[in-house]
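To start, the structure under review is shown below, and the notes come after it.
The values are calculated or read from the model by the stated rules, or taken from the named source; none is laboratory data. This is a predicted model, so every value here is computed, not measured. Here the Cβ positions follow ideal geometry from the backbone for every residue, glycine too, while neighbour counts run over all protein chains shown. Only protein heavy atoms, including side chains, enter the accessible area calculation; ligands, DNA and RNA are left aside. Shrake-Rupley method; radii C 1.70, N 1.55, O 1.52, S 1.80 Å.
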Amino acid sequence: MFKRIRKVFTRFIEKASKVITSRENLEEIIEEFKLELVSNDVAYEAAEEIADKLLEAVGKGEVKSRGELVEKLRLIIKSFFEKAGSLDIFGEALRHNPYKLVFLGVNGVGKTTTIAKLAYLYRLKGFKPLMVAADTFRAGAQEQLRLHGERIGIPVFTGKYGSDPAALAYDAVRYAENRGYNVVLIDTAGRMHTDVDLVNELRKIVRVVKPHRKILVVDALTGNDAVEQARFFDEAVGVDAVIVTKVDAYEQGGVPLSIVYSIGKPVIMIGVGQDYKDLKEFIIDEFLDKIIPEK
Ligand SMILES: Nc1nc2c(ncn2[C@@H]2O[C@H](COP(=O)(O)OP(=O)(O)OP(=O)(O)O)[C@@H](O)[C@H]2O)c(=O)[nH]1
Ligand SMILES: [Mg+2]
């Protein structure tokens, strides 16, 4: 997990701390660092801001030792995450009844699996979740969610293939209201994000269901594409928070940072495996500990 970006930080800190007082070749070292960040999925603008802020801090004499360099790097990156704020989807669920979440994302990123993991987590925390298979498009999608539901013992609201997903989702919310479900997790069809029909369909679901939050799911392994998807969905439908999946197999490391930087919305959870328990809260300091070596 995040091994490659950690190497980039480690190498940079080694090199830069040797010349931090003389500043000899420091600009070149920072330039090289910037390019290495970019090649590990850090969005170019984010890498540039890291480099610029670092140079500025050195120029002002704020960074004179390895320890100060490490600290400054952490602060710069942490500020990106803090700007995006946070979202507590468990705390919010206590205040709405039912709490409605719609999940967005292109095909294969892990939406359906993530919904099952999250429903599992909600139940562990004492909620009564309902999963909704509003993917009436892809063959097998309804069964797939139902199978997850059977395995974890959480009900799934299904409908007919080819039927209107917005109408299905609307019915599901009414059903949840009548049966005392307090969290409704709505799965949607994943297709190419450039698909106009999909975007219209998602907009309609959002219009009809009025979800409290729209959660985008992206696959870390797709790198820059995940960042592009985030930009696209945020503009087309609006995104409140992001869940990054397949982080267990992801070494580059830049995706969470780039998404937060690019759309200014928080990453709230990460998928770290294929089990139902493999969904973890994203904690900024833990992420920083993983990518930046100690002082
Ligand atoms: N290793 C790993 N695999 C994951 C993770 N999340 C999902 N997967 C796998 O990714 C594959 C696709 O997951 P789905 O949940 O079907 O993806 P989807 O976005 O619903 O796909 P569509 O319905 O086709 O749009 C499955 O094999 C999952 O087990 C994760 O965090 N780690
Ligand atoms: Mg799915």
State all residues of segment 142-173 that are assigned to a helix (DSSP H, G or I), hydrophobic (A, V, I, L, M, F, W, C), under 22 Å from Leu121 (Cβ atoms) and free of Cβ contacts under 8 Å to residues at least 60 places away in the same chain; if no residue qualifies, say none. Leu145, Leu147, Ala172
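To keep it simple, each residue is scored yes or no on (1) within 12 Å of the chain's Cα centre (by Cα); (2) open to solvent by less than 30 Å² (accessible area, probe 1.4 Å); (3) in the same structural domain as Ser79 (by TED's automatic domain parsing); (4) farther than 19 Å from Ser79 by Cβ.
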{"position": "Val239", "(1), (2), (3), (4)": "yes, yes, no, yes"}
{"position": "Val244", "(1), (2), (3), (4)": "yes, yes, no, yes"}
{"position": "Val247", "(1), (2), (3), (4)": "yes, yes, no, yes"}
{"position": "Glu251", "(1), (2), (3), (4)": "no, no, no, yes"}
{"position": "Leu257", "(1), (2), (3), (4)": "yes, yes, no, no"}
{"position": "Val267", "(1), (2), (3), (4)": "yes, yes, no, no"}
{"position": "Gln274", "(1), (2), (3), (4)": "no, no, no, yes"}
{"position": "Glu281", "(1), (2), (3), (4)": "yes, no, no, yes"}
Among the residues of segment 65-119, the number that are away from ligand 2 (no atom under 16 Å from the Cβ), in a helix (DSSP H, G or I) and not aliphatic (A, V, I, L, M) is 15
How do the pairs read when you match residues in segment 113-127 that are within 13 Å of Tyr99 (Cα to Cα) with residues anywhere that are small (Gly, Ala, Ser), using Cβ under 9 Å and keeping only pairs 6 or more apart or on different chains? Ala119/Gly149; Tyr122/Ala93; Phe127/Ala93; Phe127/Ala119
Consider Ser86 carefully, then state whether it is open to solvent by 10 Å² or more (accessible area, probe 1.4 Å) and more than 24 Å from Asp248 (Cα to Cα). no
Of all the residues that make up segment 174-200, how many are surrounded by fewer than 21 Cβ atoms within 10 Å (Cβ to Cβ) and either part of a helix (DSSP H, G or I) or of a type in the set (D, E, K, R) (or both)? 11
